[in-house]
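What follows is a single structure, written as structure tokens, with notes after it.
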Amino acid sequence: MRLDDRETWRIVPPEEKLVIMAKAHASGTAAVAALLLVAGTLAVGFQQMMVFWIALLSSPIIFQFSASRKWKYLRPKAMLEYLAARSAARRYAFAVKATDLTLSVIFRGSMEIVYEQNDAEGILSALDAAISNNAQTEVWISLFDDALIMMSEQRGGAQLEFGHVINDRLSIELDPSTADLPGPERAYILGLDQRSLGMYRVRLRSPYPAALSVFYQRLQQLIQQPRAERIDFEKAEKLDLGS
């Protein structure tokens, strides 16, 4: 099956696309600056200003060439990374018994387990909790129509950090301590009711605040709709784990 690069490019968050574009433009600008610096030095040294003017006139071509080269390197790289992350996330979603593996959102972020002083019947001291709350893990956050998967990149491959089907045991809310902060610094608290074990809480952040906001809104919608209404268990088709 031939991969559609346009479809693959669509799953990359717009904010990351802007970052790639900015890096490509920065590469073009650096190439033009280096060209003009060398041309200016030669023009002064040989008393030939024509060298500088020729370099200045050719700078748009140099900018386009360098920026295009960088773009052609970064764009496929990002697409392959997201394809690999989506494939691994689908396998983990299948492992947690998700039925509908339609991808809603996937993006890079970080997670940290939120401990409170009274968690685990006082097993964690205040100092231990403070240290644990500062332990962030870089993860891929993948939201499917029936599961939420967060996994980190390890030497041997992707490692599942959090995975659960979407039902009323999940909850998500804006972290009150970050409500007044600008978008990139805001965080959300994801909660999982573990019944007899209590509430498991995770603080989520991302360098892409728009993607995190879309994730928050979409997850809230899925949680509010009962799973039995979202999933047709009797007519669920066989999962294609190879895509």
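The values are calculated or read from the model by the stated rules, or taken from the named source; none is laboratory data. These figures come from a predicted structure and were not determined experimentally. Neighbour counts run over all protein chains shown; Cβ positions are idealised from the backbone, glycine included.
Is there a residue in the range 53-61 that is touching a Pro at 6+ places or on another chain (Cβ under 9 Å) and either of a type in the set (Phe, Trp, Tyr) or more than 23 Å from residue 211 (Cβ to Cβ) (or both)? No; the residues of the range 53-61 include none that is touching a Pro at 6+ places or on another chain (Cβ under 9 Å) and either of a type in the set (Phe, Trp, Tyr) or more than 23 Å from residue 211 (Cβ to Cβ) (or both).
Here 67, 129, 84 are screened, and the one residue that is part of a helix (DSSP H, G or I) and modelled with pLDDT of 95 or more is 67. Tallying residues that are polar (S, T, N, Q) and farther than 22 Å from residue 68 by Cα within the range 7-54 yields 3.
Of the residues making up the range 159-188, those that are closer than 13 Å to residue 222 by Cα and assigned to a loop (DSSP other than H, G, I, E, B) are 166, 167, 168, 169.
In the range 38-74, the residue that is surrounded by the most Cβ atoms within 10 Å (Cβ to Cβ) out of those that are of a type in the set (A, V, I, L, M, F, W, C) and within 25 Å of residue 8 (Cβ to Cβ) is 67. If the condition is being in contact with a Phe, Trp or Tyr (Cβ under 8 Å, 6 or more places away or on another chain) and not in a helix (DSSP H, G or I), then the range 12-58 contributes 12, 13. Taking every residue in the range 46-59 that is within 17 Å of residue 32 (Cα to Cα) and pairing it with any residue that is loosely packed, with under 13 Cβ neighbours inside 10 Å and among the β-branched types (Val, Ile, Thr), at least 6 positions away or on another chain, the pairs with Cβ-Cβ distances below 9 Å are 52/44.
Summed over the range 1-11, residues that are part of a loop (DSSP other than H, G, I, E, B) and exposed (fewer than 12 other Cβ atoms within 10 Å of the Cβ) total 4.
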